[in-house]
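Okay, structure first, notes after.
The values are calculated or read from the model by the stated rules, or taken from the named source; none is laboratory data. What you are looking at is a predicted structure, and each value in this text was computed from that prediction instead of being measured. Here the Cβ positions follow ideal geometry from the backbone for every residue, glycine too, while neighbour counts run over all protein chains shown. When the accessible area is computed, the model is the full protein with side chains, heavy atoms only, and any ligands, DNA or RNA have been set aside. Shrake-Rupley method; radii C 1.70, N 1.55, O 1.52, S 1.80 Å.
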Amino acid sequence: MYNSKIIGLGFYVPDNKVTNHDLSKIMDTNDEWIQERTGIKERRWIKEGTEDTSAVMGAKAAKIAIERAGLTKDDIDFIVFATLSPDYFFPGCGVQIQDMLEMRTVGAIDIRNQCSGFIYAMSTADQFIKTGMYKNVLVIGAEYHSNGLDKTTRGRGVSVIFGDGAGACVLTRTEDNTKGILSTHLHSEGKYAEKLVVETPSIRHWIPQILENKKEDTSYFPYMDGQLVFKHAIVRFSEVINEGLEKNNLSASDIDMFIPHQANLRIAQFIQKKFRLTDDQVYNNIMHYGNTTAASIIIALTEAWEKDKIKENDLVVLAAFGSGFTWGSVVIRW
Ligand code: ACO
């Protein structure tokens, strides 16, 4: 059996910075509330009229990752694209990447696991590599949230949290079983699906509701039971990190770099404290990008790597929790 390892990383975020102060001009909110509850200072939101979408940003990040891997688009054997904000209801963004990067007619799948999307995407790519089916897999996480948020006071509990952006990595086959992805761990609990949800468009509701076009209909906007999500997040994050450590006979003190899904700085700080990690062992960037859901882990991983915070042989742990509920972790020996 082979192992898979990351050989190229890239990310792209739109130029347009939106600060908490900017938001206070369009809804009843303020910098203090947002920073105290979430740690977020600013996020990037695609400016209307620009070309960026989830697929376009994903393609930009992917180009950087492929180049840094020392490969060309023709070396990629498969595409895995994680997003909750695809350009089309169908088909998925993966096929758009095949077209945008003018790749061979390789297979492409989309992963719909929201905040855990990138963990699921990495795990999927890892399985294809481990079994020997593919050698080089392009894994992308991208979100275009800003066009789908309720940016009025009615939606402030959710809309201040999310940002736009994309990240990508290339996973390749290695025969060194001590390096690369050591294990991945995935979970779900669908009874909480409606606690963090965008209800429509869905095949059950969308056409009648669009036809009726009711102004008071909020089912198109994300809904979140924030406190319930918080409570579950801290439990599941801990469980799935421990699961990854135990599987590899490791303990928290072995972690060189922990990169949590950038859901909320308070969640990340809680986990950091619980696992007794120092500031050098954790990387957060939600302050600058908000919660970019399926893109958040790969943007943070790329940024940490660019800042030389990850070195050869480091033990890197990635973990996420989000809508579904779904959660998961990836343990990597760099
Ligand atoms: N600005 C100002 N006031 C606000 C805002 C805002 N943006 N949003 C809500 N409020 C008000 C509410 O109306 C409420 O007012 P009231 O007491 O007069 O009714 C008050 O602030 C408290 O609202 P809560 O929703 O109870 O605020 P809470 O303390 O729970 O914080 C938050 C909300 C930050 C979402 C919190 O629940 C949380 O962190 N949840 C975790 C979930 C999470 O991180 N989700 C990220 C996305 S999902 C994921 O990635 C896992």
### Summary
Scanning segment 158-183 for residues that are more than 17 Å from the chain's Cα centre (by Cα) and of a type in the set (D, E, K, R) gives 173, 175, 176, 179
### Message
Given the options 328, 290, 324, name the one that is open to solvent by 10 Å² or more (accessible area, probe 1.4 Å), in contact (Cβ under 8 Å) with a residue 60 or more places away in the chain and within 14 Å of the ligand (Cβ to nearest atom).
### Response
324
### Query
Of the residues in segment 37-66, how many are open to solvent by 40 Å² or more (accessible area, probe 1.4 Å) and within 13 Å of the ligand (Cβ to nearest atom)?
1
### Query
Taking segment 244-266 only, how many residues are in a loop (DSSP other than H, G, I, E, B) and either away from the ligand (no atom under 16 Å from the Cβ) or open to solvent by 10 Å² or more (accessible area, probe 1.4 Å) (or both)?
8
### Message
Condition (residue is modelled with pLDDT of 95 or more, polar (S, T, N, Q) and in contact with a Leu (Cβ under 9 Å, 6 or more places away or on another chain)) applied to segment 121-139: is it met by at least one residue?
### Response
yes
### Query
Could you give every pair whose Cβ atoms fall below 8 Å, whose first residue belongs to segment 258-270 and is free of Cβ contacts under 8 Å to residues at least 40 places away in the same chain, and whose second residue is more than 9 Å from the ligand (Cβ to nearest atom) and among the hydroxyl-bearing types (Ser, Thr, Tyr), counting only separations of at least 6 or pairs across chains?
262/289; 262/292
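Residue-wise test of (1) surrounded by fewer than 18 Cβ atoms within 10 Å (Cβ to Cβ); (2) under 20 Å from residue 321 (Cα atoms); (3) acidic (Asp, Glu); (4) not assigned by TED's automatic domain parsing to the domain that holds residue 63.
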| site | (1), (2), (3), (4) |
| --- | --- |
| 187 | yes, yes, no, yes |
| 206 | yes, no, no, yes |
| 222 | no, yes, no, yes |
| 235 | yes, yes, no, yes |
### Task
Read through the list (1) more than 15 Å from the ligand (Cβ to nearest atom); (2) over 23 Å from residue 80 (Cα atoms); (3) modelled with pLDDT of 95 or more; (4) of a type in the set (S, T, N, Q), then give the number of the only condition that residue 159 fails.
(1)
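Only residues that are of a type in the set (D, E, K, R), farther than 17 Å from residue 159 by Cα and more than 12 Å from the ligand (Cβ to nearest atom): list them for segment 217-239, please.
Hit for segment 217-239 is 239, nothing else.
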### Query
Which condition number in (1) at pLDDT below 95; (2) within 16 Å of the ligand (Cβ to nearest atom) is the one that residue 91 fails?
(2)
### Condition broken by residue 287, with the remaining ones in (1) over 21 Å from residue 145 (Cβ atoms); (2) modelled with pLDDT of 95 or more satisfied
(1)
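Is at least one residue of segment 163-177 within 16 Å of the ligand (Cβ to nearest atom), open to solvent by less than 10 Å² (accessible area, probe 1.4 Å) and part of a loop (DSSP other than H, G, I, E, B)?
Yes - at least one qualifying residue is present in segment 163-177.
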### Message
Can you tell me which condition residue 296 does not meet? The list is (1) within 12 Å of the ligand (Cβ to nearest atom); (2) open to solvent by 10 Å² or more (accessible area, probe 1.4 Å); (3) in a helix (DSSP H, G or I); (4) not aliphatic (A, V, I, L, M), and all the others hold.
### Response
(2)
### Query
residue 151 is checked against (1) part of a loop (DSSP other than H, G, I, E, B); (2) within 13 Å of the ligand (Cβ to nearest atom); (3) open to solvent by less than 50 Å² (accessible area, probe 1.4 Å) and fails just one. What number does that condition carry?
(3)
### Message
If the requirement is being of a type in the set (D, E, K, R) and in a strand (DSSP E or B), which of these qualifies: 60, 5?
### Response
5
### Message
Cβ contacts < 8 Å: first residue open to solvent by less than 90 Å² (accessible area, probe 1.4 Å), restricted to segment 17-36; second residue more than 8 Å from the ligand (Cβ to nearest atom) and among the hydrophobic types (A, V, I, L, M, F, W, C), any location; separation 6+ or different chain. Result?
### Response
18/45; 20/40; 34/40
